[in-house]
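The values are calculated or read from the model by the stated rules, or taken from the named source; none is laboratory data. Keep in mind it's a predicted model, so treat the numbers as computed, not measured. All Cβ positions, even for glycine, are placed from backbone atoms using ideal geometry, and neighbour counts span all protein chains on display.
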Amino acid sequence: MDELRIKSILGISPRHKPRKLTVITRGATAKLEYVLTDKWFSFETLEQVTYSFKQRTRLLWYNMFIYLLKTEDTTVDEYKTYYKNVTPIEPGSRQCNAELVLDPVSNPKQANYYEVVDITDGQNDLYYLIDDHFYYTDDGEREYITFVFSSEETETFSPTEPGAEVKFEIALRFNTDSHVELTNKDSVIIDPQPPLIVADSLYSRVNSDGDCCSDDTDMVVSTSRLVG
């Protein structure tokens, strides 16, 4: 029998390309977009959107919607946040404009205050504000939610190393009352996001006086403001 020779080449490639990680720079404003265009749900079905970030043991979370309920407090509760002058942005809308109460009067109920509350199952008629970190856009082609970190907020993060990036996930809560089997039982899904890379910057090391933020006097450099 003639010698049988078989030659083969085995090629292995990942089924899915790894998602590109987002880089945010310390001391700079950071913008994170979450596209809804290709999702099975729409913005109108969302009752809450929560962004969570974790770096080491530090956990940060932000709710998109701030829900308001007319308070029954006859004395001030120092652990509550109150709003006044609550008015819908347009007739019939539950989204509203409101004024944060910095110095509440002694009887919040009598002053017609609203207090911040967590949404509960079956509660669909509350006024709400949108937190300043969030923006919703629908330009006819793309529908998305934008989350913005201020420069002061990105400065609080530490530069990351490979394998130790900032963990990031988005939790979405839906009103599922239209489904008989889920009436008064809101649903929540967790959508894990690619981790965030935090890059350092020279600007993040400069304080408002124009000096380097360091206890080492050899590292402190003042800027010159003379114009020749």
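The table below lists the values:
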| item | result |
| --- | --- |
| Residue check for residue 97: under 23 Å from the mean Cα position of the chain (by Cα), in a strand (DSSP E or B) and not assigned by TED's automatic domain parsing to the domain that holds residue 193 | yes |
| Near pairs, Cβ below 8 angstrom, 6+ apart or cross-chain, from segment 132-147 (in contact (Cβ under 8 Å) with a residue 40 or more places away in the chain) to any residue that is of a type in the set (Gly, Ala, Ser) | 143/42 |
| Members of segment 18-76 that are small (Gly, Ala, Ser), within 22 Å of residue 172 (Cβ to Cβ) and at pLDDT 95 or above | 30, 52 |
| All positions within segment 91-114 that are of a type in the set (Asp, Glu) and either farther than 12 Å from residue 68 by Cα or at pLDDT below 95 (or both) | 103 |
| Residues being surrounded by 16 or more Cβ atoms within 10 Å (Cβ to Cβ) and not β-branched (Val, Ile, Thr) - total across segment 154-166 | 3 |
| Restricting segment 36-68 to residues that are out of contact with any Leu (no Cβ under 7 Å at 6 or more places or on another chain) and assigned to a helix (DSSP H, G or I), the residue that is surrounded by the most Cβ atoms within 10 Å (Cβ to Cβ) | 45 |
| Top-ranked residue of segment 21-35 - restricted to ones that are surrounded by 15 or more Cβ atoms within 10 Å (Cβ to Cβ) and either of a type in the set (S, T, N, Q) or in a strand (DSSP E or B) (or both), ranked as nearest to the chain's Cα centre (by Cα) | 32 |
